[in-house]
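Novice: For reference, the structure I am asking about is given below.
The values are calculated or read from the model by the stated rules, or taken from the named source; none is laboratory data. Here the structure is a predicted model, which is why all the values come from computation and not from measurement. Ideal geometry is used to build each Cβ from the backbone, glycine not excepted, and the neighbour counts take in all protein chains shown.
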Amino acid sequence: MNSLPKSKNKTCNIPCLTKKNKRELIKLANENKFKIDEKLKLADYKFQLLLKYANKVKFSYSNIKSREYLEKIIPCFPEPMLFLGWAKYTENYNKICEMVSVDINKKVNPDITTDITKVDFVEKVKQRHKSYKSIINNGTIGWGINDPKQINNALQNCKKVLANDGVMLLGWNVKAYEGHSEDTTITIPMMKKYLKNAGFKNIKLIYNAKDEWKQIYIICTNK
Ligand SMILES: C[S@@+](CC[C@H](N)C(=O)[O-])C[C@H]1O[C@@H](n2cnc3c(N)ncnc32)[C@H](O)[C@@H]1O
């Protein structure tokens, strides 16, 4: 992650590539003088284009496989995008694509400082966009949003700001919370139940890392 561009260097934002057809992608590649085999299937072409952009901003994927995965798929989600939980190591993510970042801790310099579990969150994030086509909600549950009531409130608030045709990516670690000796593990069925209870639909597991972090990603839709 150290080789990510410095925050001053805003020379390239990777545009959101979702919903772009092959012709539009080829146009982007040509504008940027990227050489990509035009015979590739749409999904493969899109991925190659993403890698070319990544190269252009000297973006380097982290060494943790699950994070590398996250960093590769973020630009595939539609905008406006809301990114929950901001950190030193995510500070360049807004160069991968346009996003509005949120954190409870103003010291990490999010676009919006607010508590995701509180009503205030809904009001504040709606001031930027009436609704969001995607929410990237990774690592907040288990890293501050810990007890069932907080989890329910946070997920319900996410649903309130997600567009009707919006999608949320939810990531967490299937292990006891950091620093907790009791078993606080939220299993995959437990998280699916939380999401179902909050009203999310099409809840699908898309990534299950069998490494020390036990990172899981689920996607789900509003309707
Ligand atoms: C492990 S980091 C995850 C950062 C990032 N989302 C990622 O993909 O790695 C957890 C972040 O969530 C924030 N957080 C925890 N509880 C929160 C809450 N109730 N509201 C907003 N942010 C919260 C913490 O301040 C911390 O910066």
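Novice: Looking at 153, 202, can you tell me which residue is assigned by TED's automatic domain parsing to the domain that holds residue 83 and within 15 Å of the ligand (Cβ to nearest atom)?
Specialist: 153
Novice: Still on this model: Scan segment 112-137 for residues that are in contact with a strand residue (DSSP E or B) (Cβ under 8 Å, 6 or more places away or on another chain), within 13 Å of the ligand (Cβ to nearest atom) and in contact (Cβ under 8 Å) with a residue 24 or more places away in the chain and report the count.
Specialist: Going through segment 112-137 one residue at a time, the tally reaches 7.
Novice: Applying the selection to segment 83-105, what residues are in a helix (DSSP H, G or I) and near the ligand (Cβ under 10 Å from one of its atoms)?
Specialist: 88, 89, 90, 93
Novice: Follow-up question, since we're still on this one. Please indicate, with yes or no, whether at least one residue in segment 157-180 is over 23 Å from residue 94 (Cβ atoms), in contact (Cβ under 8 Å) with a residue 40 or more places away in the chain, in a loop (DSSP other than H, G, I, E, B) and more than 9 Å from the ligand (Cβ to nearest atom).
Specialist: yes
Novice: Next question. Would you point out the residue of segment 51-72, among those that are modelled with pLDDT of 80 or more and away from the ligand (no atom under 12 Å from the Cβ), that is farthest from residue 122 (Cα to Cα)?
Specialist: So the residue we want is 52.
Every residue, every condition in (1) surrounded by fewer than 17 Cβ atoms within 10 Å (Cβ to Cβ); (2) closer than 18 Å to residue 153 by Cβ, yes or no:
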{"residue": "176", "(1), (2)": "yes, no"}
{"residue": "181", "(1), (2)": "yes, no"}
{"residue": "186", "(1), (2)": "no, yes"}
{"residue": "191", "(1), (2)": "no, yes"}
{"residue": "197", "(1), (2)": "yes, yes"}
{"residue": "202", "(1), (2)": "yes, no"}
{"residue": "206", "(1), (2)": "yes, no"}
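Novice: Of the residues 176, 209, 198, only one is under 19 Å from residue 72 (Cβ atoms) and over 16 Å from the mean Cα position of the chain (by Cα); which?
Specialist: None of the others qualify; the one that does is 209.
Novice: Inside segment 138-147, can you point out the residues that are surrounded by fewer than 20 Cβ atoms within 10 Å (Cβ to Cβ), over 17 Å from residue 214 (Cα atoms) and either near the ligand (Cβ under 6 Å from one of its atoms) or touching a residue at least 40 places away in the same chain (Cβ under 8 Å) (or both)?
Specialist: 144
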